[in-house]
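*Asks:* Take a look at this one; I'll ask things after.
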Amino acid sequence: MKQIKVFFLIMTLFFSITIINAQNKTLPKSNGGLKGGYNLAAVSFDGDGETGQRHGFHVGVYGESFISESFSIQLELLYSQQGYKITNTNRTFTQKLDYINAPIMLKVYPSKNFFLETGPQIGLAVSHKEEYDGFFNSSQEYEPNSFDWGLNFGGGFKTNSGVSLGARYHLGLGDLYDQQKAQNRVWQFYMGFDL
C-alpha cells in the first residue's frame, strides 16, 4: 500500500510540473506517447555474476516535460517481461517474472536530437511462473518479492518528428527473494512515438 501512495505522489508531482511548464513558451514543448521494445533480463545472485538471460518485451506510455532547454523529466508506466534462465547439463530452469514498472528519468540533451538518461525505477511484480525442462520436472514455486526498485542508465536519439530509438540498462537494487541476495539486471532496446 505504501508503494502505491508513493507512486501516486510522484504522478501528481510530474503532472504539476507538466502543467507549469506548458505555460512557459520558451521551453521545448512537453510531449507524451507510446514506447515498447525488447528485453534481455537476468538476475545477479550474491554479486557472483549473472544468470542466463530471459528474452522478453516491454510496452507502455510516457510523458516528457522540459525543465530547461537541455533537461527534461520523463515519467513512464511500463509492462515488462523479466526473469532469468539457469541451464545445467540436460536441464533448464526458467523464472518468468512480469512487472509493472514506473521509471522517472532525468534526460539530458547535449544536442537537439541526442539524449542521455538516468533515474530511479520502482516495480510491482504482477505474475511469476517457473518452467523446468530436462530429465526432471518439479512443481516447486519460488515466491518473489512483489516490490522491486533500482536505477536506470541509457541514451538514445530522438527525431524532430518525435520518434525515439534508445537503449537502457536497469540495475536492480531490491532483493528478488527473501532467502538470498538476488537482483534484477535488464537491458532494454526500445522505440518511442510522440502522440
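The values are calculated or read from the model by the stated rules, or taken from the named source; none is laboratory data. The structure presented is a predicted model; accordingly, all values stated were derived computationally and were not measured. When we count neighbours, we look across all protein chains shown, and the Cβ atoms used for this are built from the backbone with ideal geometry, even at glycine.
*Asks:* Within the bounds of the stretch 30-38, is there any residue that is within 24 Å of I86 (Cα to Cα), assigned to a loop (DSSP other than H, G, I, E, B) and modelled with pLDDT under 95?
*Replies:* no
*Asks:* Does V163 qualify as being within 20 Å of T118 (Cα to Cα) and touching a residue at least 60 places away in the same chain (Cβ under 8 Å)?
*Replies:* Criteria not met by V163.
*Asks:* Between a residue in the stretch 91-116 that is among the small types (G, A, S) and any residue that is surrounded by 14 or more Cβ atoms within 10 Å (Cβ to Cβ) and part of a strand (DSSP E or B), which pairs come within a Cβ distance under 6 Å, given they are 6 or more apart or on different chains?
*Replies:* From the stretch 91-116, the pairs are A102/L77; A102/I122.
*Asks:* Right, another one. Could you grab me the full set of residues in the stretch 111-128 that are over 20 Å from E64 (Cα atoms) and out of contact with any Leu (no Cβ under 8 Å at 6 or more places or on another chain)?
*Replies:* Result: L124, V126.
*Asks:* Tell me yes or no: at least one residue of the stretch 166-182 is among the hydroxyl-bearing types (S, T, Y) and more than 20 Å from A42 (Cβ to Cβ).
*Replies:* no
*Asks:* State which residue is surrounded by the most Cβ atoms within 10 Å (Cβ to Cβ) when the search covers only the stretch 36-81 and only residues that are more than 18 Å from V186 (Cβ to Cβ) and among the aliphatic types (A, V, I, L, M).
*Replies:* L75
*Asks:* Also: Just name the residue that is farthest from Q81 (Cα to Cα) out of those in the stretch 155-195 that are polar (S, T, N, Q) and part of a strand (DSSP E or B).
*Replies:* S164
*Asks:* Shifting gears a bit: Could you tell me which of the residues F93, F115 is within 22 Å of S30 (Cα to Cα) and in a strand (DSSP E or B)?
*Replies:* Criteria check complete, one pass: F115.
*Asks:* A follow-up question, please. In the list F114, F153, F157, F189, which residue meets the criterion of being exposed (fewer than 13 other Cβ atoms within 10 Å of the Cβ) and within 21 Å of F57 (Cβ to Cβ)?
*Replies:* F157
*Asks:* Further question: Out of N145, N101, which single residue is assigned to a loop (DSSP other than H, G, I, E, B) and within 19 Å of the chain's Cα centre (by Cα)?
*Replies:* The match here is N145.
*Asks:* Please go through (1) part of a strand (DSSP E or B); (2) closer than 24 Å to G36 by Cβ for D133 and return the number of the only condition it doesn't satisfy.
*Replies:* Here D133 meets the rest and fails (2).
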